[in-house]
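Structure, as structure tokens:
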Amino acid sequence: MKPRMNLITLGVADLPRAIAFYQQGLGLPRFDFPSEQIAFFQLHGTWLALFPRAALAADIGVPAAPAGFAGITLAHNVASRTEADQVYAEALAAGARAVKPPQETSWGGYSGYFSDPDGHYWEVAHVPQFWIGPADI
């Protein structure tokens, strides 16, 4: 298997609300796809999809019961600590829930967490070792 991740799909309770959060709130570019049942956002190097949680669970064949921490976070690595603070503030202004404000970490980075309106945890971080800038894409 080649090491890559092409698509991340988030199960959401309210698709229009989730689309508004990611498109208007966070400014992600929505891909023009003719469907009322799913939304796609083309990102640098991967895609993000939003799909109703119950329909996604049915597609997988598992119950759609809500969960606490599912053992996964999504991360957005930025070029500076200042940008991490800005992205965190933008997410909160868009309706995200504050979980842990960006701060110095024990492992040498700068990181904080918020959750989207459906409870998906996002880390916003400045980790220079993992930074992929525009020239790298």
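The values are calculated or read from the model by the stated rules, or taken from the named source; none is laboratory data. This one's a predicted model, so the numbers in the text were calculated from it and none came from an experiment. As a convention, Cβ positions derive from the backbone with ideal geometry for all residues, glycine included, and neighbour counts pool all protein chains shown.
Points to keep in mind about this one:
- Residue count for region 20-48, restricted to those that are touching a Leu at 6+ places or on another chain (Cβ under 6 Å) and under 18 Å from W122 (Cα atoms): 3.
- Within region 71-89, the set of residues being within 14 Å of the chain's Cα centre (by Cα) and surrounded by fewer than 15 Cβ atoms within 10 Å (Cβ to Cβ) comprises I72, T73, L74, A75.
- Unmet criterion (only one of (1) of a type outside the set (F, W, Y); (2) at pLDDT 85 or above; (3) touching a strand residue (DSSP E or B) at 6+ places or on another chain (Cβ under 9 Å)) for G95: (3)
- Residue selected from region 70-89 under the condition part of a loop (DSSP other than H, G, I, E, B) and among the hydrophobic types (A, V, I, L, M, F, W, C), by the criterion modelled with the lowest pLDDT: A70
- Residues satisfying the stated conditions in region 90-107, i.e. outside any loop (DSSP other than H, G, I, E, B) and surrounded by 16 or more Cβ atoms within 10 Å (Cβ to Cβ): A91, P102
- Failed condition for T105, given (1) at pLDDT 90 or above; (2) within 29 Å of P128 (Cβ to Cβ): (1)
- Any hit, region 96-110, residues being without any contact (Cβ under 8 Å) to a residue 60 or more places away in the chain, in contact with a Lys or Arg (Cβ under 6 Å, 6 or more places away or on another chain) and in the same structural domain as Q129 (by TED's automatic domain parsing): yes
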